[in-house]
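Scroll down for the structure; my scribbles are underneath it.
The values are calculated or read from the model by the stated rules, or taken from the named source; none is laboratory data. Computed from a prediction, not measured in an experiment: that's the story for all the values here. Neighbour counts are summed over all protein chains in view; Cβ atoms, including those assigned to glycine, are modelled from backbone coordinates with ideal geometry. Heads up: the accessible areas ignore ligands, DNA and RNA and are worked out on the full protein's heavy atoms, side chains in. Shrake-Rupley method; radii C 1.70, N 1.55, O 1.52, S 1.80 Å.
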Amino acid sequence: MNEVREETLPRILGRRLAQEQTRQQFEESHGEESARPTYTLRYPPDRDRN
Amino acid sequence: MRILIATFAGDVHALEVALVLRERGHEVVQWCGGDFPTLQSASVELDGRSARWSACGPELDLDGREFDVVWYRRSAPPVLPARMHPADRPVAQRECEDFLAGLWTLVSPSAYWVNPLASRARAELKLLQLREAQRAGLAIPPTLSSNDPERIRAFLAGAGGPVVYKAFYPAWWDDGERVAHLLTSEVDAAALPEDEVLRLTPGIFQPRIEKAHELRVTVMGSRVVTARIASQAHAATRLDWRARTKELALEPDELPPEVERGVHALMRRLGLVFGCLDFIVTPEGRHVFLEVNQMGQFLWVEHTNPDLRLLGPFCDFLLARGGPVGDECADVRHADWFERADAAALVMNRDHVRWAGEFSTSDSSTPNPGRPGAEAKPEGVSP
């Protein structure tokens, strides 16, 4: 059976349109380390899971 | 007053509110959803006509007693341990989630809920939000939501101008070094993948609406706090202000009376008592509703501009329990509390199971070791 290489699989529209940045650029855009609790005071990821 | 907050480890919003309310003599219990099942035990017993429930774990010992207020802030989902048979994981996860969903329906039915459980789930549906906003008399963008390639291509061709694509949920793809962040994005026919891939993910397509500025409207019962977002001041934030929040300027603003009436009508239709709404204001002054986040973040608004008071009003909103709002927390300012909340969050992260959120996805099938994530057994804590 041929193995499917994941990097050859086409990506969904959302992934094609997503803005790529380095982690440093991403955090600079929001002025806060994304791992810190206070990150949510800079960037509001709004949707809840429920 | 006795207040229960459904939350997750490191939730600054919940911590700040809990610190304020405790200082004023109220009893506040923070229930970290991610501690279940490794650090928490919970039970429901039903017999005859009675139902009893209990839950215990770190800083949690509940026996079914009523609360005055339940703030269902953001409960982390159950977090299973890393060491577990992978074939059992989805089964256990499903069982945990179903058990907890049932348990929550028994919790404090006479309390004032922010927001009511049944309304929460319904209000998360973006298409329902748009439909109810129409019915509430609010302007919305013309919208196609579909996975039908033919309909999507026709919508793009017939829009007469640029079209934006929105997902139903935020998403990050993360390969450890680079982050791909899905925001509202302009889309044209050339950007679409082939039809068999396009149909795999329904999306929301709307004409790009010209903006003068945007509004973030936080509704707490009858009180409305409106923040004007200068999203057009920077190229990076013109399409979606979430792309760069560092220099985002917020100023106090007000809604026109007819729009405010529409907002309250929408909240009633969705059964919400709290919500964060996003609007575009066009150069002609037209207010266009985009969405409501039934448990949106709100302290970032006061963090950005201290004149936009949210922490004190939110605490008074909880304490009012749907009745006349008092001024017990009128002097409360976020600037006086967030450092304490930040310190408490770091302690909480140490003592509870952490949850990384569900919107971040490794961008390969290889687990990404570089990202903070769910840890089923925090250091120094024994289940």
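Side notes on the structure shown:
- Boolean, B:VAL187 is open to solvent by less than 20 Å² (accessible area, probe 1.4 Å) and either of a type in the set (Gly, Ala, Ser) or in contact with a strand residue (DSSP E or B) (Cβ under 7 Å, 6 or more places away or on another chain) (or both): yes
- Single residue of B:LEU319, B:LEU277 found to be of a type in the set (A, V, I, L, M) and either touching a Pro at 6+ places or on another chain (Cβ under 8 Å) or open to solvent by less than 10 Å² (accessible area, probe 1.4 Å) (or both): B:LEU277
- Figure legend. Inter-residue proximity from the range A:9-28: first residues more than 7 Å from chain B (Cβ to nearest Cβ), second residues acidic (Asp, Glu), beta-carbon distance below 7 Å, spacing 6+ or different chains. Indicated pairs: A:GLU27/A:GLU33.
- Criterion: part of a loop (DSSP other than H, G, I, E, B), of a type in the set (A, V, I, L, M, F, W, C) and under 30 Å from A:GLU33 (Cβ atoms) - qualifying residue of B:LEU39, B:LEU19: B:LEU39
- For B:TYR169: the one exception among (1) in a helix (DSSP H, G or I); (2) surrounded by fewer than 17 Cβ atoms within 10 Å (Cβ to Cβ): (1)
- Which listed residue is over 30 Å from B:ILE229 (Cβ atoms) and modelled with pLDDT of 85 or more, from B:PRO324, B:PRO369, B:PRO283: B:PRO324
- Output for the range B:19-46, where each listed residue is in contact with a strand residue (DSSP E or B) (Cβ under 6 Å, 6 or more places away or on another chain), closer than 20 Å to B:ALA335 by Cβ and crowded, with 23+ Cβ neighbours inside 10 Å: B:LEU21
- Filter result (part of a helix (DSSP H, G or I) and of a type in the set (A, V, I, L, M, F, W, C)) within the range B:253-274: B:VAL259, B:VAL263, B:ALA265, B:LEU266, B:MET267, B:LEU270
- Residue count for the range B:280-295, restricted to those that are crowded, with 24+ Cβ neighbours inside 10 Å, under 23 Å from B:PRO257 (Cβ atoms) and within 14 Å of chain A (Cβ to nearest Cβ): 1
- Residue tally, condition facing chain A (nearest Cβ under 7 Å) and within 29 Å of A:GLU28 (Cα to Cα), over the range B:172-202: 11
- Pairs linking a residue in the range B:331-351 that is within 10 Å of chain A (Cβ to nearest Cβ) and part of a helix (DSSP H, G or I) to a residue that is among the charged types (D, E, K, R) and open to solvent by less than 90 Å² (accessible area, probe 1.4 Å), with Cβ atoms under 6 Å and 6 or more positions apart or on different chains, are B:HIS334/B:GLU302; B:ALA341/B:GLU16.
- Filter result for B:HIS13 (over 16 Å from B:TRP113 (Cβ atoms), more than 19 Å from the chain's Cα centre (by Cα) and either more than 14 Å from every other protein chain (Cβ to nearest Cβ) or open to solvent by less than 20 Å² (accessible area, probe 1.4 Å) (or both)): no
- Unique residue being at the interface with another protein chain (Cβ under 10 Å from one of its Cβ atoms) and farther than 21 Å from B:MET295 by Cβ when the list is B:ILE152, B:ILE140: B:ILE152
- Only one of B:LEU60, B:LEU80 that is open to solvent by less than 30 Å² (accessible area, probe 1.4 Å), over 21 Å from the mean Cα position of the chain (by Cα), away from chain A (no Cβ under 14 Å) and closer than 20 Å to B:VAL347 by Cβ: B:LEU60
Yes/no per residue for (1) open to solvent by 50 Å² or more (accessible area, probe 1.4 Å); (2) in a strand (DSSP E or B):
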position: B:ALA227; (1), (2): no, yes
position: B:GLU251; (1), (2): yes, yes
position: B:GLN297; (1), (2): no, no
position: B:HIS303; (1), (2): no, no
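- Flag if B:HIS234 is within 13 Å of another protein chain (Cβ to nearest Cβ), open to solvent by 10 Å² or more (accessible area, probe 1.4 Å) and over 20 Å from B:LEU125 (Cβ atoms): yes
- Top-ranked residue of the range A:1-30 - restricted to ones that are assigned to a loop (DSSP other than H, G, I, E, B) and modelled with pLDDT under 75, ranked as most open to solvent (accessible area, probe 1.4 Å): A:MET1
- Residue in the range B:136-154 that is part of a helix (DSSP H, G or I), buried (at least 16 other Cβ atoms within 10 Å of the Cβ) and among the β-branched types (Val, Ile, Thr) present: yes
- Pairs are defined by a Cβ separation below 7 Å, a sequence spacing of at least 6 or placement on different chains, a first member in the range B:159-173 that is more than 13 Å from A:ARG15 (Cβ to Cβ) and of a type in the set (Gly, Ala, Ser), and a second member that is assigned to a loop (DSSP other than H, G, I, E, B) and modelled with pLDDT of 95 or more; the pairs so defined are B:GLY161/B:ARG208.
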